[in-house]
Each structure stands twice: as C-alpha cells, then as structure tokens.
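The values are calculated or read from the model by the stated rules, or taken from the named source; none is laboratory data. Model, not experiment: these values are computed from the prediction. Ideal geometry is used to build each Cβ from the backbone, glycine not excepted, and the neighbour counts take in all protein chains shown. For accessibility, only protein heavy atoms count, side chains too; no ligands or nucleic acids. Shrake-Rupley method; radii C 1.70, N 1.55, O 1.52, S 1.80 Å.
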Amino acid sequence: MPEKDATLNEVFEEIADKSGTEFFLELPKNYKKGQTKYVVITGSVMSGIGKGMISSSLCKLLKDREINVEPMKLEAYLNVDSGTLNPFRHGEVFVLDDGTETDMDLGSYERFADKNLSKNNFVTSGRIYQEVIRKERAGEYLGRDVQFIPHVTAEIKNVVRKLALEKKADIVLIEIGGTVGDYENLFALEAMRELAYEDGKQNVCFVNVTYIIEPKTLGEHKSKAAQFGIRQLMQTGIQPDVIICRSETKIPERIKEKISMSSNVHLSNIVGCENIGNIYELPLAMRERNLDEIVLETLEWNKKFPMTGTGNKKLYEWTEKNKPKENAEKIKIGIAGKYTGSSDTYISILKAVEHCEGPGNAKIEIEWIDTEKIEARDKNELQKLDQVKGIIVPGGFGSRGTKGKIEVIKYCREQKKPFLGLCFGFQHALIEFARNVLGYADANTTEIDLKTKHPVVDLLPEQKQIEGLGGNMRLGGQDVEVKEGSIAWELYGKQKHVRERFRHRYECNPEYIQEFEQNGIIFSGKHSKYPIMQILELSKKEHPYFLAVQYHPEFTSRPLKPNPCYLGFINACKKAQ
Ligand code: GLN
C-alpha cells in the first residue's frame, strides 16, 4: 500500500510496479505453503444428500487421529451471514459462541468435531464481496480494475489461508455450499483450483460427494447423472481425488468401476455410502471404508498421522454409546411450534434430544404439535397433549401461533407435565404465568402487542436504539449465574457459572421480576451484572419439571454430552405417568 499522503505520481509508480505481472497473490503474513493442508468437499448431481454430514464425519475421523482440523463452510449466498434467513426455507440459524449466525452445517461440524467454531469458519459470498468492495473503496487494489478473477478468488483464498494460520490448523476442511454447476459457487471452485495450483497438488485433496440414482421402475443403480456431475466439476479444472457415492442402497462394484473409468479416480478411492439407520454410525462406516486413510494418503500425511491402536476401538465405543440399548424405554415427547412441517427448522433441538438417547437410555419419538391448530381447538391436535410425556416449546419470532403456545404451556403447568421452554418459549412461560396466575389478562411481549398495559416481556435496553435486522440481537455465548440449590444448579452439576448461547431482542421486563418471584417463579439463572433473567423454574414441590431458559441450550449439546436442560427434561419424561 502507498503511504496515505503519497503524491499521485508515487501511487502510480507503485501501480506500475505491481501491474507488471498477471499473478495476484495476497499471501497472509507468515503463511508457509504446506504447513496446513486442505480437504475440499464439493457436491454433484443434487443437494440434500448429506454432504454436510460426510464433512462432519470426516472431521471427526481426522480429529480422532489427533489432527488439528478446522472445518469451514464457503456458503454461496449473498447474505453476509445467516441471521436474516427464514428458518422454514433454509433450516435453522445456528449461533456460534462468538455470536456469528450461521448455516446449520456449522452445528453438525461442532457436534461431530466436538469443538467450538468461530466467525472465520463460516464465510458467505456476501462477506467476500463486502470485503472486496471495501478494499476497492480504500484504494487497496492500486488502480487495477477489480475482477472476479483474480480479486474475488484471491479474497476466498485469503479467508481460507487466514483460518489455517489463525488456528495453526494441520488441515482445513472446506465444504463448498451448493452443487457443482451452480452459478453461485463457481468462484469458490475456481479459488480452490487456484489454491491447489499455488500451494501444490499434494497439499489439497478434492473430495466430491455425488449421488447414484436407483429409479424404482428400473430396480437398479444408474451412474450417468453422477458421471455428468463429476464431469462438470472436471470442467472447472478440478480433478477429484476421492469420490463418495451416496445412494439409497449399497452400490455394486460395477457402478464404482464406471465412475472410476469416467473420472480418472482410482477404484480404491471411490467410496460407497448408502443410507444408514443411525447418523452416529456414519463416521465408523466411513472409517471402515478407509475414507480418512485415503484422504491422508493423497495429502502424503498418512505416515505423519497414523491410526493409533485405540482409534477404531474408541470410535466403536462412541458409536455404541450414542445409541439407546435395545431394551430402552420408548417415550414420546411433543415439540409445539409453528414450523412443524420442516424438521430442519428445529435441527439442533432434535439433535439435543437425540443426544439424550444414549446417556439417558431412552428411545425418543417426536410428536409435532402445531400451535396454530391448538389455537383453532383442533381435536386431534389437542389429544396429542395428553399422549406425550412432556413438551418442548421452542424459540420463535412474531405472533403466529403464540396463543396456542400459551395454551400448551398452561396445560403443562396445570397438568404437571414436564415442560422445557426455549427462548421465545421462556418468554411465553412468563406471559402465561402473568395472565393466568398474576391475573393480567392482557400481559404480553411488546414484540407482539406494543400497547399492552402489562409488558412482562420487553425489549432489552440496548436493543431500543437499534435499527435494521442483520446481526444485531443479543447474540452468542454469555455467562449464566446459577442459583445455588435450584433445579438448574443440580442439573448443571452444582456449577455456579455456566456458559450458554443466546439469540434474542426481548427479555423478562425487570419491573415484573419481584412480582413473578413472589408468586412462585424461581429465577434460577441470571446475568451476573444486569437484571437479565436467563432461567426460570417452578419448585419441585409445585411441578415435576417446569424449566425455561432465555438461551438455546441445544446449541451447546454434543453427542455423549447432552445439555443438562434437555437431559433433565428427558429424565422427567421417563418418570412421568
Ligand atoms: N423473538 C424473541 C426475541 O427476540 C425470541 C427469540 C428466539 O426465540 N430466538 O427475544
């Protein structure tokens, strides 16, 4: 960069210096080629075939070999983050400890790799373009016309290499969002091709996850669509090293041979991956098919990170412990919300429940309860309330279905049915209590009713000045001070401080705290400095399990480490009649 007060001539001299070459390499300071290696995962044929789960499983397999692996998602869309996305269309918004709002794939990386990720593990095209435009305005391109190639691709390589440096990663595993052939991810693919060219082929392993169709009318596997998809990838100049063939049923050897022949990928590097019953079996299934070994071989690192003697045993135990035992009790629980048509909307909640199956030894079945139908007093829906052992009321925004939520919470409180309220569910537990116990019939949150005389849930003070919707809620990990002797305190193993993740704009209105407490609500988790209420419960004498939290405990739940709020809920459901 020229000095700020350089004369125009000096600036042009510097441009002349740089414009002598067509190469455009912005290596971060101290970056050394080959110190970090890369695994690039792309998808072909179609989306929704589990590319994210395969990436997460590979991450786990590499981590189990004591490799410092950093997963990263390069998301194609132009949103700067996932915060403004509608969860019904795109699946849940996952929140990282540092407050970044991401795609739900980051949730599965965190759960499988069992580590906290941060902002730089999730990069959208929107963020890339924002940075390119910022640099252009700041004059950082020194008079060059700014182009997709080399400038946008340089920015993509930049974020990848910076993550490698920042985390001192052995391997950065990059999942490219979308499918090969999309316009949106073309530059990400080009950037990955350039990365392999610049860092050296032995430092980048390309894995393509493709799909082998099996039309019912034919009753056999067909590889043509996959061949086309892979060919499309090769047209971008990327030669895959490994191909994972997703399919409904096991593919025969001749399909692998066809894929091998048409893609230049050795037969031993074509890995079949048919549907499996339990997602926790996926890492083991992939190890049994050598996936991590093949990847390390292409990176010439299989000797550097050999499998230790306990590797497979540990993985086998992990797989078994995640599953409930054959004779485990079956319990049905309800989730009462407005997006009940799409399970991706509540994916972390479903995972958090699943995490209780092994440690809590229960087979858990989910009954979706549509709160709009509860509002309409639909008989079928109302019956579900009786049929389930306990009910979770999840987070949400806006007024749709909230009357039904209040009905459901009232039912749980009065019928002594285990209840777990999450975020909006916490706020509605307060509203229900204010209406039916404190006697304030119009009690509400100002998110729904600005004119209510009893705003028991109101905007957080710092939210009152904020305009616009992107990335400005109270977001990410915060300390929760837990009240000694409370149910929450027992659940959290008698810890006084725990860290949980938040995503909200509204809170329990501090003016009503005392009144709630005088009438039986126990605020067992609070912010340590400000009067922000974060956990509420009813005493054990009053109710077997009535607990609601202002945060999202599902974001910190991990396989074999279920979040205590969920495990407490499932244990209470097991005891319920
Ligand atoms: N809409 C509520 C708020 O903004 C709850 C948010 C949520 O459930 N994540 O506070």
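Once the 1.4 Å probe is applied to the protein heavy atoms, region 26-138 comes out at 37 Å² accessible per residue.
Residue order by solvent-accessible surface for Lys157, Lys168 is Lys168, Lys157, largest first, with ligands and nucleic acids left out and a 1.4 Å probe. Computed from the Kirkwood radius of its Cα pairs, the Stokes-Einstein diffusion coefficient for region 333-412 at 37 °C and 0.692 mPa s stands at 253 µm²/s.
Starting from the Cα of Asp449, step 7 Å toward the Cβ, then list every residue of region 367-407 with an amide N under 12 Å from that point. Under 12 Å, as judged by backbone N against the label point of Asp449, lie 403 of region 367-407. Largest to smallest in accessible area, the residues His527, His543, His497 fall in the order His497, His527, His543 (1.4 Å probe, all protein chains included). Rounded to the nearest angstrom and listed largest first, the equivalent-ellipsoid semi-axes of region 408-552 from its Cα gyration tensor are 23, 20, 13.
Ranked by solvent-accessible area (1.4 Å probe, protein heavy atoms only, all chains present), the residues Glu414, Glu281 order from largest to smallest as Glu414, Glu281. Between Ile213 and Gln147, the simple spin-label model (points 7 angstrom out along Cα→Cβ) gives 3.8 nm. Considering all C-alpha pairs of the chain, those separated by over 48 Å amount to 19%. Remark: the Arg558-Lys529 segment gains 7.6 nm on full extension, using 0.36 nm per residue and subtracting the alpha carbon distance.
Put a dot 7 Å past the Cα of Gln514, heading toward its Cβ, do the same for Lys496, and the two dots end up 2.6 nm apart. Per residue, the convex hull spanned by the Cα atoms of region 113-213 amounts to 139 cubic angstrom. Note on Leu491: accessible area is roughly 50 Å² with a 1.4 Å probe, heavy atoms of protein only. Its alpha carbons considered, region 183-252 gives a radius of gyration followed by a Dmax of 14.6, 47 Å.
Across the alpha-carbon set of region 238-384, the Rg to Rh ratio works out to 1.12, Rh being the Kirkwood radius.
Projecting the Cα atoms of Phe24, His504, Ser524 onto the charge dipole of the chain, computed from C-beta unit charges around the Cα centre, puts Ser524 farthest toward the positive end. Solvent-accessible surface of region 159-312, averaged per residue with a 1.4 angstrom probe and all protein chains in place: 45 square angstrom.
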